[in-house]
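The values are calculated or read from the model by the stated rules, or taken from the named source; none is laboratory data. All values derive from a computational prediction rather than experimental measurement. A quick note on method: Cβ atoms are made from the backbone with ideal geometry, for glycine too, and the neighbour counts reach across all protein chains shown.
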Protein chains: 2
Amino acid sequence: MFSTVNKPAERVDAYEKVTGRAKYGADLQFAGMLYGKVLRAKQPSARIKSINVEKARAIPGVWAVMTAQDVPCNEIGVIIQDQQVLAKERIYYIGDGVAMVAAESLDVAAKALESIEVEYEEMGGIFDPLVSKESDPIHPERASNEVVHHKLRKGNVDEGFAGSDVIIEREYETQFVEHSYIEPEVVVAVPHENGSLVTIYGSVQNVFATRDAVARCLKADLSKIRVVQNHIGGSFGGKDEVVSAMACRAALLALKTDRPVKMANTREESIVESYKRHPYKMKYKVGATKDGKLMAMEIEAVADGGAYACQTPFVTWRSVVQATGPYEVPNVKTDTYGYYTNNVYTGAMRGYGSPQVIFANESLMDELAQELGITPLEIRLKNILKNGSVTASGQKLDRHEVSLAEVMKKATEAIGYEEKYKEYSKPQRGDKRRGIGMAISFRGCSLGAEAVDGAGTVLSIQKDGSVYLYSGLAENGQGLKTAFCQIAAEELGIDMKHITFLEANTLISPDSGSTVASRSTLVGGNSVLNAAMRARKALSEFLAGQYNVPAEGLIFKDSNIFTPDGKKLISFAEAANKAFWAGVQLSHVGWYVAPSIHWDEEEGRGNPYFTYVYGCQIAEVEVDMGTGEVTVLNMAAAHDVGRAINPEMLKGQIYGGVMMGLGYGIMEEVETDEGYIANTNFDEYIIPTSKDMPNIIPIIVENPDPDGPFGAKSIGEPTLELGAAAIANAIAQATGRRIRSLPLNLERVLLGHPLKKGRGRK
Amino acid sequence: MFSTVNKPAERVDAYEKVTGRAKYGADLQFAGMLYGKVLRAKQPSARIKSINVEKARAIPGVWAVMTAQDVPCNEIGVIIQDQQVLAKERIYYIGDGVAMVAAESLDVAAKALESIEVEYEEMGGIFDPLVSKESDPIHPERASNEVVHHKLRKGNVDEGFAGSDVIIEREYETQFVEHSYIEPEVVVAVPHENGSLVTIYGSVQNVFATRDAVARCLKADLSKIRVVQNHIGGSFGGKDEVVSAMACRAALLALKTDRPVKMANTREESIVESYKRHPYKMKYKVGATKDGKLMAMEIEAVADGGAYACQTPFVTWRSVVQATGPYEVPNVKTDTYGYYTNNVYTGAMRGYGSPQVIFANESLMDELAQELGITPLEIRLKNILKNGSVTASGQKLDRHEVSLAEVMKKATEAIGYEEKYKEYSKPQRGDKRRGIGMAISFRGCSLGAEAVDGAGTVLSIQKDGSVYLYSGLAENGQGLKTAFCQIAAEELGIDMKHITFLEANTLISPDSGSTVASRSTLVGGNSVLNAAMRARKALSEFLAGQYNVPAEGLIFKDSNIFTPDGKKLISFAEAANKAFWAGVQLSHVGWYVAPSIHWDEEEGRGNPYFTYVYGCQIAEVEVDMGTGEVTVLNMAAAHDVGRAINPEMLKGQIYGGVMMGLGYGIMEEVETDEGYIANTNFDEYIIPTSKDMPNIIPIIVENPDPDGPFGAKSIGEPTLELGAAAIANAIAQATGRRIRSLPLNLERVLLGHPLKKGRGRK
């Protein structure tokens, strides 16, 4: 049926990457380039009494030393402008920058930083969001420490609990998690390049967000700031605000010195400065009838926002929408909160507020099943969303196939869930014990009612029939370039090797917001399709005039163009050439805006997303009862993606997501102690390696979505959000012990609690 | 009436240029960059017997040595592929490249070139197009030396001459002319940059033409080749094919070495290699009634194409259209020819085939007037084109105001022509004698029936109301960026300081052909206007929905948007912001295709251009009869431009064009002797300096053209094409001596002929 999509096309950036030609931020060199470095507070809460930069200025090779007073607009922030380019009077967390330098070498820059004298007055800090809730504002200009409070309301939970036969209440907790991208943050700012005030190159996840920050900081027009994305060594939501702040700093130094300035974080700097996935403290209460029908849920989830609001307002909104999971629950009351603390700040990370609540909710479902004496599969099948179901927010699911039952069936069958569940339910002896656990989810695709969900793509057919294409969304390593080329190639009926996809660049790309929320294929892909359709229409109309055939219904396939009855008219390349020489417009902007959605913040109800994806992951684990070590043996991961644009890349997303979920579940934790971070490199911050990789069984479920390009929807985040919950449930079965706090590392599995903290202070 | 257009806005690139921040090709530095150099034949006609590059390869620091056999496709050329990237067997002119190197420094490159051993067999060359006409083909694969033959036919010249009272026949001749851009050619090729096979940066006049050449040479898709224009230090038609060849060479070296390669010509290399303005030999025959009505003209013009066809086919086509000047002539027979020789090749230069025929025809008109005993003004006024006139090619001029009479009136009044003509007609004594001479022209705007005349522009409104804009046409120093920003600002009612115009770049700009033929303002400007109109329409429709007002007729002015009755709705910036957050498409491609035109090559008739501009220049000169020195005292230059988008920049074009016309008229000549060039630098090739500048009286005549953006049309070339003829006519009046060969330098004015040649061989 398809020629290019739904096929395992080779990544368009494969050649560059495997030959080492792909330029990452660190590879960038410019004539006369200087090196920028930031002096960080390295304490979580303090007042700056004085900064003396005179010695630094006097060092040969130092071109600029700047402090907050040199910044045109020092307040930045993606939603709330509570963050400072450089700390002016207050230090809010250990990563705050106090001063910065640009020097001819990294050595000179380091020497300059050392010579800057800062006098601090240490202040007490707040490191627990629940303490923060009751405390005076950390940010003096804010009324309270509450960053945000979202609610969701359905029915009447009091009546729901009253009608329940069984009610259980549980508390769950999750940890700070590092994005662990392989490439630390790096930007180069080049001043006055071709009519721009400043150009930012580097490992930028969201070129438009970074542009917003730099334009604000410099008080400049957006169109004077160019942000160009290089090849990026991973992001996972992480190279956004932290890179924007870095870009502001580099831009300031570049304009001050009139030289290109490179800023690259070391791994330690990256871990100390960059925002993390939010730790959540969650209280869940659920009521059900004795035959397992859910009657009511009441949830309170508190996120530690750290020092700055960053994306806490949006992260916690996704949590409020998805907190009850993919279940029909007649009565729901959910509240999510974010509070400021003096911890490292928290923001977007793959999952974006869902892994926390899924860990809680899917643990809870197993606990409820146990209470009811039914299996985890049974409780889920009794309550899952189906076609026509109404979600907790009151949205009727009637625009797409609600395929959760199918997804669960495929996952359970693939891993042999039912037999293994029975097997492992029998009493086990010895040190090595096994369990199997499942977790399911529904996930709203794209930004949802968080923000406008529009994306643009420019597609231009050249006179030899080759095509260039660029998008407002950015490759983050996930394969966006390849998927977009496949979509364009399919629509134009050409070989995708003739398509060149450009790097994201704010001065050429239509502002399409951010490459986040697994929205690229769905929203961006639709804009690519739209652009290709416009170009195809222009060519068709030209050919209609040339050949006296109807413009509608021409078939573009195999690099040729045919009449509806299959007669070849002309090759695509010849058609492009003829059209060009006839003056036909062959460059087109494609634009896509997501269907209307809405959210009533006051009532806590609405249609938050226009479509959803459904996933089921099942983990089979072996636990060493003597050491607490958990080995994940098998992991079935079934995801309904609408349509797989590129099945191989999609499997890659599944493999990566499963591993990230595994790390989240049993290993990863940024250990903080009163704002200090103990593990600032990968010697102590443990992430999964290939040795930890289970046998992953990726299962692609396809129910084409009428809103998706060729039916496709998201896969970036759903693959990550289920692993921790599934593993926790498996461990519970294996050990008989329910652990409600992530990660389920050796100590927690063995002792039920982590070892004492206290290693962070330096 | 206007807010931004028709006003003397500051150039948008002024700041960059005056602060030295503007990066020209020579300023470019890339990490690991190598230097490319070409070994040139330095003889006009030879066979290559052998090339030995072994010694060069062995020199430390030499990264690549390449010859023709290393070139995937060695045959390039904009119209006919008769040019070689590197000479394979035959040398056709002194500038031919034989081998090239890439080395770590210019010194090493020079050493490498010296060590290459080439054995030539000298062959006889052909250096006169009239000899070439009768000779065996220079290019063995061609049937003859005729590059092209164009004709134009109207009425019956035999009958026309039979009905004439006076018939005169004259021969005129023009010279090779160097473009004399201040910056010699330079390109840098960067391999494998962001998904492109190769990126070319540099002083490229026409990014798409250079892309065509490089893609052909490398046998690659157009969309894999990126050509980016830097700031350019003048071009005047000159940085086209010669830079394309250079780009091919740099690209080959870059791909061979996998390093960026810079190639920059010295001035000597530039003058030896680059193509020139065509020398013409012209025979004119004209018949008129005794009261001065033109009855018939018969013209034969032969262009020296030099070694390669280059743009000779198109240059001679403009000549054939304009050879009879802006006159109504009932019977016309014109033939223009181009022949290959072994001289330096010839191509596009400001004027493009018009300065030669205007020099001849306007000299001829004065000679005819003298014969008839009437004044130069009288003969012109009796015969000039008016509204509804039919041109020599049979085109009825009824789409725009044919304003020649007005243009002539303004010029003659401004300089006091009639009084001075009378004054200088009286006998003069002494060494210093004065004369006044006029020349008039009509000039087809844009490419005409030469090629498709389409152009595209992308305009994107950002969410703060600032705008970026880029075009398929390229700034060549003429002020295109500024004019385009003015057009967009006018249509959107915003301050042009909020618009950022990008450098031309083939991977982002819609292919709009070449920045030639004075088509930028007219064709490119229309595409900018179209893009701005599309964006404005999108905003209007959005606002209509928001404010319940009709979308049509909203007024965009002073950075605000008003209802038709003048009520302010919203500021432009707020409207942009609201529209962005509502998902409105704010990026638009504007496209413009010139109205239908045609040319019947067989019949020599047609509507070659869709509109014309009209000009009149009048020169007042003083001639030193003892030395032959000509001083141009005053120069009135009146040009109907439709509408001046930027009157100050337009005057700049007039000043520059007048000076270039002056150089062409009395100074400049590339002295060739059997293919060798004598004057390869500005010590011997004399161009006008500020000391030679006359009192220039620029006169802008505005008759808005319905086809132009805000009524505007061209000015780039018309300003240059009249000077030589006007000066020649003034000298004839001053000296009583008619010189029919350019330049009218000391020797010709004093002796009637140039000094003997013979200085070129080295």
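The residue of the stretch A:505-524 that is farthest from the other protein chains (Cβ to nearest Cβ), among those that are crowded, with 24+ Cβ neighbours inside 10 Å and within 16 Å of A:S460 (Cα to Cα), is A:S509. Filtered by the rule that a residue be crowded, with 24+ Cβ neighbours inside 10 Å and not β-branched (V, I, T), the stretch A:251-263 gives A:A251, A:L252, A:L253, A:A254, A:P260, A:K262, A:M263. Of the strands (runs of 3 or more DSSP E) lying entirely inside the stretch A:86-173, those containing at least 2 residues that are touching a residue at least 12 places away in the same chain (Cβ under 8 Å) and out of contact with any Lys or Arg (no Cβ under 9 Å at 6 or more places or on another chain) span A:146-154. Looking at the stretch B:670-762, the helices (runs of 4 or more DSSP H) lying wholly inside it that each contain 1 or more residues that are hydroxyl-bearing (S, T, Y) sit at B:718-721, B:723-735. With the condition kept exactly as written, say whether any residue in the stretch A:606-613 is touching a Cys at 6+ places or on another chain (Cβ under 9 Å) and within 14 Å of chain B (Cβ to nearest Cβ). Among the residues of the stretch A:606-613, at least one is touching a Cys at 6+ places or on another chain (Cβ under 9 Å) and within 14 Å of chain B (Cβ to nearest Cβ), which makes the answer yes.
Of the residues A:I555, A:I570, A:I561, which is farther than 20 Å from B:Y592 by Cβ and without any contact (Cβ under 8 Å) to a residue 40 or more places away in the chain? Going through A:I555, A:I570, A:I561 in turn, just one is farther than 20 Å from B:Y592 by Cβ and without any contact (Cβ under 8 Å) to a residue 40 or more places away in the chain: A:I570. For the stretch B:590-605, the set of residues classified as crowded, with 19+ Cβ neighbours inside 10 Å and within 13 Å of chain A (Cβ to nearest Cβ) consists of B:G590, B:W591, B:Y592, B:A594, B:I597, listed by residue number.
For the stretch B:25-66, a residue qualifies if it is assigned to a strand (DSSP E or B) and either touching a Lys or Arg at 6+ places or on another chain (Cβ under 8 Å) or at pLDDT below 95 (or both), and the qualifying residues are B:L34, B:Y35, B:G36, B:V38, B:A46, B:R47, B:I48, B:W63, B:A64, B:V65, B:M66. Scanning the stretch A:1-55 for residues that are touching a helix residue (DSSP H, G or I) at 6+ places or on another chain (Cβ under 7 Å) and within 14 Å of chain B (Cβ to nearest Cβ) turns up A:R11, A:V12, A:D13, A:A22. Yes or no: A:C248 modelled with pLDDT of 95 or more, away from chain B (no Cβ under 12 Å) and buried (at least 24 other Cβ atoms within 10 Å of the Cβ)? In short, yes. Just so you know, in the stretch A:449-494 the residues that are closer than 30 Å to A:P326 by Cβ and facing another protein chain (nearest Cβ under 8 Å) include one that is surrounded by the fewest Cβ atoms within 10 Å (Cβ to Cβ), and it is A:A451.
State whether one or more residues within the stretch A:593-616 are in a helix (DSSP H, G or I) and not basic (K, R). The answer is no, given that none of the residues of the stretch A:593-616 is in a helix (DSSP H, G or I) and not basic (K, R). Residues that are hydroxyl-bearing (S, T, Y) and surrounded by 20 or more Cβ atoms within 10 Å (Cβ to Cβ) are absent from the stretch B:690-710. Which one of these does B:S446 not meet: (1) touching a residue at least 60 places away in the same chain (Cβ under 8 Å); (2) under 30 Å from A:A220 (Cα atoms); (3) within 14 Å of chain A (Cβ to nearest Cβ)? Only one criterion in (1) touching a residue at least 60 places away in the same chain (Cβ under 8 Å); (2) under 30 Å from A:A220 (Cα atoms); (3) within 14 Å of chain A (Cβ to nearest Cβ) is unmet by B:S446, namely (2).
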